[in-house]
Structure formats: structure tokens, C-alpha cells
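The values are calculated or read from the model by the stated rules, or taken from the named source; none is laboratory data. Note that the structure is a prediction, hence the values are computed from the model and not measured. Every residue, glycine as well, gets a Cβ built from its backbone with ideal geometry; the counts of neighbours run over all protein chains shown. Remember, those area values only see protein heavy atoms, side chains included, never the ligands or the DNA or RNA. Shrake-Rupley method; radii C 1.70, N 1.55, O 1.52, S 1.80 Å.
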Amino acid sequence: MQQLVNTALGGLTLGMVYAAFALALVLIWRSTRVVNFAQAPMAMVTTLLALELIEGGASFWLAFAVALVSGLVLGAVIERVVVRPVEGKSEINAVILTLGLFIVLHAAAALLFGNGVRSFPAPFGVRGTEIGGTTYAITGFGMFTIAAVLVTMALLVLLFRFTDLGLRMRAAAHEPEVARLLGVRVGGMLTLGWALASVVGSLSGILIAGGDLVNPNYMDSVVVFGFVAAVLGGLDSPVGAVVGGLLLGVALSFVSGYVGSQLVALTALVILIAVLTLRPGGLFSTTPARRV
Amino acid sequence: MLTVSGLTAGYGPITALHDVTLGAEEGRITAVLGANGAGKTTLLRTVSGLHRARAGTVGLAGRDITRTAAERMPALGMSHVPEGRGVIVELTVEENLRLGGLARGRVRPDDLDRVYGLFGPLGERRAKPAGTLSGGERQMLVIGRALMARPTVLLLDEPSLGLAPRIVTQIFGLLRDLVREEGLTVLLVEQNARSALSVADRGVVLDLGRVVADDVADRLAGDEKLRHAYLGF
Ligand SMILES: Nc1ncnc2c1ncn2[C@@H]1O[C@H](COP(=O)(O)OP(=O)(O)OP(=O)(O)O)[C@@H](O)[C@H]1O
Ligand SMILES: [Mg+2]
């Protein structure tokens, strides 16, 4: 029984981490129909920057804030400087650019921060939580992770559903030309979309790093799982990304705990293929067929 | 109100508009007619800043807007309902309308009420995805959305396309009322010349990017040679 609960809890925490990363992918997909392969190294760079600050004596929370703000700036700059020139052209151009960016950011991180493996602190306990004499496999940082992702998702839903800015962003994403005719500065909305995505990516970077070891490659394994989570959720919806992340996290946690950890990557791949063939729009797709 | 003079525009080697001069008078409906590929859509896109003019000028209420970006037009009082209507199907009916209001800065509740009053079916379906509307309702939605910005000049690109004649009559009637009651200036692009001339005050006929006729609507409709050559009725 306890193993069951602990496996589920482990899956929950892990799933929230995938969810955070999937949220970042979804934000960019929504605004530019591009899967951003540079999401992981972007988050890695801001996380290593935070680590430098912490090692230099800054508090975890200051470094956390700096990581988010630098993520915002990095996302905006990348959209303006790198992605903007190919916007409106074939989407494959932008995808290839993000792959190039992946390599460039890795090289830059190695130069700036070194390739060594370092330990990233966590602001809360990284031991299990004791309830009624039994220790459960959920850490203080794990609970922080869950809360942070849920709050982020809620804020994004509020932004998109209930604010004028969110309405403009959705219009710009779905029908850029019509949006322009309605006075929306589409370019600005795309920049904002990338900036927001990059903030959420930076958040996922810190959540994955907290209490763990990091080097410039530490995010790379998350890419696959975050992508599967996003596809599971339909690539288009923040709530879908989080539910997709959770389902994936719990599924993989059970495979790892009861079947064998060597099968985790394979399971993720099987889930990905199953979703793409059976429900290409994701588990919750409701998008009406486009007609004009 | 809206003046176009010497406008030339095209796509690469194609010149779609040659030295086009026309005007839309305040409080009147001006129809722009012509066959497939005559350059009607290009004219509207160039006027509203979506497409760049090669030569010539566009003026709105005495102001030169030839080089003004499309996203600034609603704030200057001009709304463009594009060809194919441009309903954003992923948004609800009301979100589409609100977006129109945002074009003018903010959404005024009484503007929403006015649009729902003009177009009854929209009010009943305000929370539905716009993708669930019928063709006629979509046309009402995009006109209503444009009106949310309280324009002085309205550009319409083939509003009758794909609609049943009864619905076309209804929508053109509404347009007529709006112009009469609010002094709206309309530039109405149509292939359906007969319907357009029945509601318009003036008509301009384009052929292969050139103006071949410009006269009051009744006279164009009565000119048999012109009708046979360019208007198809
Ligand atoms: N994006 C484009 N690229 C190249 N040529 C174009 C483009 N759009 C229009 N054209 C050409 O410009 C000319 C005018 O086209 P336009 O769409 O303005 O005509 P139209 O009068 O609106 O026709 P329709 O009644 O079919 O809508 C045509 O010869 C057309 O082939
Ligand atoms: Mg056209």
C-alpha cells in the first residue's frame, strides 16, 4: 500500500515538472505554431545563471526571481532577433532555427558556466514528509513544485480567458491578418508569447534543478517527456499540458516502480505514438474543424 | 471621406491595380464591381494598409494614410471586413465582438447591446464558438465586429459570397439602414453587381485593375452595354 502511494506521489511530482515544461511548449505553439526545441537549453541557461548567483551568496529566492526575469528577456530577445526574420515563412524554418539555437545555447553555457556537474540547492526539505508515523515520498520542494505549476496554469488560464490582452494574444495566434485589421499589434503579441513561454520554461528549469545535480545537459532528458506531455494535452491548452504531464508522470512512475526503469523511455515513446495515431488532437481535443 | 488617387499595386511581376482613382462619399454606399481577378480585393487591402501601394495615395477625411499600418486604421475610424469574412472560429461570438471593440481601445457595453439589437441571432449565441455559426450569421458577426470599433468608414469585401439571396437582401437592407441612421461611409466590393447596385448610391467598375466606369448606381444599372460587358446581368 505504502509503495503504491509513494509511486503515485513520485509520479505526481515528476508529472508537474513535465507539465511545467509542456506549458512552455504550449505557449509557443499557440502563438507561433512552432515546437521550440531550444526550450530546454533556454531554461538551462537561466537556471545556471541562478546557480551562479546562489554560489555568489544570493538567496534562493532572489536567484529564482532573476531566473524568471532573465527568462522573460531571453524569450523576447530570441523572438525578436532570431525567430522574427522567418515568421510568416514556412514553419519548418523556425523549427530548424530553434534546433540551431539549441546548439548555440549549449556552447554558450559551456563557455560561461563550465561543463562540470554542480549541485543546485532547494529552499525546502528534500526529504520525505512524515504523516502519522509513516514517511511519504513527497518532499517540501515537491509540494512547492506542484503548487507553483498549478498557480502558473491558473494564471495563464485567467490571462487567456478573461483579459483583453489574452484575447488579443489568441486572436493574433489564430488569425494574424484579421487581428491586424482589428488593431492588434501582432508582432508584439508574438514577442509576448515567447517571453511568457520562456518564463514558464525557466520556472521548469529551477523546479527540475532544485535539490539535484545540474550541468549544461541536465534539461535535455526532460525535452522528450515534456513534449509527450504537451502532445497528450493537445499542444494547445494550458490545462491540457498539465493534465498530460500528470498522466505521463504517474504512468512512468508506475512503469519504473513496478516494471523496470529501463522501460520508461520506451513507454513514453509508445504513449506518444498511441496519441498521435489515435487522437492526434490530444486527449481533450474539441477544436471545431476550420471552415471559412 | 475616403479618396483613392492614382493607386497602383501588384504582386511581383503582376500589376493588379493600374492608376486607380475613386472616392467614397460621406454617408453613402459606393460599390466597387468587377469580375474575378479585377483587383477589387487588392484595392481594399491596399487602402487598409495590408498591402503596399507602388504609387498613388489614399486619404481618409483629408489625412494621408497611404503608408499607415493596418493595425492603426480602426483607431482612425476605418474598419475592413476582409474577403472570406475573417471570423475567428476558435473564439466565441462575444469574444469576436469584444475584439472589435478593443480596436478602439476598450469595449463599451452599450456597443455590444447595439450589435445584439441589430443582429438578433448573435445575441442568442453569444457564448457559442463562432465556428458554430451559419454563413449568414458569420456575415452578421463580422459586420457587427467592425461596428464595435465605431467606424466612420466601413470596407466590405464580398459580403454576399456564398449566402442565400434572401440573406443577402436582409444584410444589404441592414447596411442601408446603418448608413441612413448613422451617416456611415461604405465601400462595398461585390461581384454580385445586381444586388450591390440596388443598395449602393454610386458604383465603380474595375476591369483588369483599371477603372472602366464610375457613375451613380441607377445609371450603371441602366447601362445595358456596360452590364453585359462587365457586370454579368
Ligand atoms: N497574393 C497574390 N499573389 C499573386 N497574385 C495575386 C495575389 N492576390 C491576387 N493576385 C492577382 O491579382 C489580381 C487581382 O486579384 P484580386 O484578388 O484583387 O481580384 P478580385 O477582384 O478581388 O477577384 P475575386 O472577385 O475573385 O475576389 C489577379 O490577377 C490575381 O491573380
Ligand atoms: Mg476578391
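Do you know which of the residues in the stretch B:20-49 that are of a type in the set (Lys, Arg) and within 13 Å of ligand 2 (Cβ to nearest atom) is surrounded by the most Cβ atoms within 10 Å (Cβ to Cβ)?
B:LYS40
Every residue, every condition in (1) away from ligand 1 (no atom under 16 Å from the Cβ); (2) over 20 Å from the mean Cα position of the chain (by Cα); (3) modelled with pLDDT of 95 or more, yes or no:
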{"position": "B:LEU118", "(1), (2), (3)": "yes, no, no"}
{"position": "B:ALA127", "(1), (2), (3)": "yes, yes, no"}
{"position": "B:GLY131", "(1), (2), (3)": "yes, yes, no"}
{"position": "B:GLU137", "(1), (2), (3)": "yes, no, no"}
{"position": "B:MET140", "(1), (2), (3)": "yes, no, no"}
{"position": "B:ARG145", "(1), (2), (3)": "yes, no, yes"}
{"position": "B:ARG150", "(1), (2), (3)": "yes, no, no"}
{"position": "B:VAL153", "(1), (2), (3)": "yes, no, yes"}
{"position": "B:ASP157", "(1), (2), (3)": "no, no, yes"}
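Considering only residues that are part of a strand (DSSP E or B), without any contact (Cβ under 8 Å) to a residue 40 or more places away in the chain and either surrounded by 14 or more Cβ atoms within 10 Å (Cβ to Cβ) or of a type in the set (S, T, N, Q) (or both), which ones fall in the stretch A:80-139?
Hits for the stretch A:80-139 are A:THR129, A:THR135.
Do we find that A:PHE60 is surrounded by fewer than 21 Cβ atoms within 10 Å (Cβ to Cβ) and among the aromatic types (Phe, Trp, Tyr) in this structure?
Numbers: surrounded by fewer than 21 Cβ atoms within 10 Å (Cβ to Cβ): yes; among the aromatic types (Phe, Trp, Tyr): yes.
Taking the combined requirement at face value, the residue satisfies it.
Condition (residue is buried (at least 16 other Cβ atoms within 10 Å of the Cβ), within 14 Å of chain A (Cβ to nearest Cβ) and in contact with a His (Cβ under 9 Å, 6 or more places away or on another chain)) applied to the stretch B:59-72: is it met by at least one residue?
Within the stretch B:59-72 (the criterion being buried (at least 16 other Cβ atoms within 10 Å of the Cβ), within 14 Å of chain A (Cβ to nearest Cβ) and in contact with a His (Cβ under 9 Å, 6 or more places away or on another chain)), the answer is yes, since at least one residue qualifies.
Looking at (1) facing chain A (nearest Cβ under 9 Å); (2) under 16 Å from the mean Cα position of the chain (by Cα); (3) outside any helix (DSSP H, G or I), can you tell me which one B:VAL107 breaks?
Of the numbered conditions (1) facing chain A (nearest Cβ under 9 Å); (2) under 16 Å from the mean Cα position of the chain (by Cα); (3) outside any helix (DSSP H, G or I), the odd one out for B:VAL107 is (2).
When the residues of the stretch B:76-88 are narrowed to those that are more than 16 Å from ligand 2 (Cβ to nearest atom) and in contact (Cβ under 8 Å) with a residue 60 or more places away in the chain, which ends up farthest from the other protein chains (Cβ to nearest Cβ)?
Of everything passing the filter in the stretch B:76-88, B:GLY77 is farthest from the other protein chains (Cβ to nearest Cβ).
Give, as residue ranges, the strands (runs of 3 or more DSSP E) completely inside the stretch B:135-233 that count at least 3 residues that are open to solvent by 10 Å² or more (accessible area, probe 1.4 Å) and away from ligand 2 (no atom under 16 Å from the Cβ).
Hits in the stretch B:135-233: B:210-216.
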